[in-house]
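The values are calculated or read from the model by the stated rules, or taken from the named source; none is laboratory data. Just so it is clear, the model here is predicted, and its values are computed rather than measured. Cβ coordinates were reconstructed from backbone atoms using ideal geometry, including for glycine residues, and neighbour counts include every protein chain displayed.
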Amino acid sequence: MADQFDVIEAGERGRRRWIGLAVVLALLLIPVVGLLASRDPEPGPVSATRTPSPITSLTTIDNPPNMLTAPVKHKGGDEVIQVVFPHGARAEVRYPAGLRLAAMGVRPFRAGWIDGMFREFVAPYGGEAEITRGGRPLRNYAPNVTLWPRQAGSGQYGQVLLFAFGPWRVAMYDRGQGLTFDQRTALATNLKGRVTKDGYLVLTARGGVQLAEPGEYAQGEPIGPQLWFGGGAAETVALVPTPDCAKRARMPGVVQGRGRRAEMVCRGDVLVAASGPASFRTKAISGIRVTMK
């Protein structure tokens, strides 16, 4: 027993010796570190100390990640672009060049039903990163369809189905009770996207999936195929094919959302709606002309 206590005691003395040495070394190093820290840094390249350029906010449309910039032709003081709505209809859009509608970027919107449950299919303004946040999907329903967690601050909305159609990303934000596994699988299988040669996305459906057509409404808002220019916190213009527009026009939710001032006008059977500063709204409402083909 005495030998065991001797071994333990020797170990303690050994540890104390090393601790003492460490304290002495630390006391010796403190003045050296202080001296080095007080020296002026070596001069480096100017670019290494210059404040970086501000990161482009998602409220602007510089290089938008999930939008199309349509080719522009100039006619007098106007710009002219060719567009394709997400149900396949084509149109020519003419507007004052100062409006810079094409430069704002355009993305599709469509809505529909799966087994009678209404859902919207939106091209997220921020692209795939707006949904994925750098994370991993909860599940894959198809090679081009993934399921993502509910986003913080999304209110009544739940998990998100993210579709990839060529360069486009389309999100279906679930809501309420949510779709079943079988319904999500059917949606992943039966919602199809085709990218036209000029870059627009056309959505079609089959099976138990039904897409809304021009002139249909839900909860007081048009849910037929639409094209959205701009978005985020910036100016927004929505083009909404609407049969008998003069009698049936209603403000699209994307334009009047967030309490922004909005105006609308019918150009034949197409509703033109705009939000943003008064000068922008006036220019958009008075200057945009749409000719369906």
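Is there a residue being in a loop (DSSP other than H, G, I, E, B), of a type outside the set (F, W, Y) and farther than 22 Å from P225 by Cβ anywhere in region 164-176?
yes
Pick from A284, A246: which is assigned to a helix (DSSP H, G or I), at pLDDT 95 or above and not basic (K, R)?
A284
Would you check which residues across region 118-159 are touching a strand residue (DSSP E or B) at 6+ places or on another chain (Cβ under 9 Å), over 29 Å from A91 (Cα atoms), not in a loop (DSSP other than H, G, I, E, B) and not aromatic (F, W, Y) and list them?
If the condition is that a residue be touching a strand residue (DSSP E or B) at 6+ places or on another chain (Cβ under 9 Å), over 29 Å from A91 (Cα atoms), not in a loop (DSSP other than H, G, I, E, B) and not aromatic (F, W, Y), then E130, I131, T132, R139, N140, A142, V145, T146, L147, G158, Q159 are the ones that fit.
Within region 203-223, is there a residue that is within 29 Å of K283 (Cα to Cα), crowded, with 16+ Cβ neighbours inside 10 Å, in contact with a strand residue (DSSP E or B) (Cβ under 9 Å, 6 or more places away or on another chain) and in contact (Cβ under 8 Å) with a residue 60 or more places away in the chain?
Looking through region 203-223, at least one residue is within 29 Å of K283 (Cα to Cα), crowded, with 16+ Cβ neighbours inside 10 Å, in contact with a strand residue (DSSP E or B) (Cβ under 9 Å, 6 or more places away or on another chain) and in contact (Cβ under 8 Å) with a residue 60 or more places away in the chain.
Can you pull out the residues in region 276-293 that are without any contact (Cβ under 8 Å) to a residue 40 or more places away in the chain and surrounded by fewer than 18 Cβ atoms within 10 Å (Cβ to Cβ)?
Across region 276-293, the qualifying residues are A278, S279, T282, I285, S286.
Pairs only if they're at least six apart or on different chains, beta carbon under 8 angstrom, first in region 259-275 and assigned to a loop (DSSP other than H, G, I, E, B), second of a type in the set (D, E); list them, first residue then second.
D269/D244
Can you tell me how many residues in region 77-117 are under 22 Å from T282 (Cβ atoms), in contact with a His (Cβ under 9 Å, 6 or more places away or on another chain) and either at pLDDT below 95 or part of a strand (DSSP E or B) (or both)?
Here the count works out to 1.
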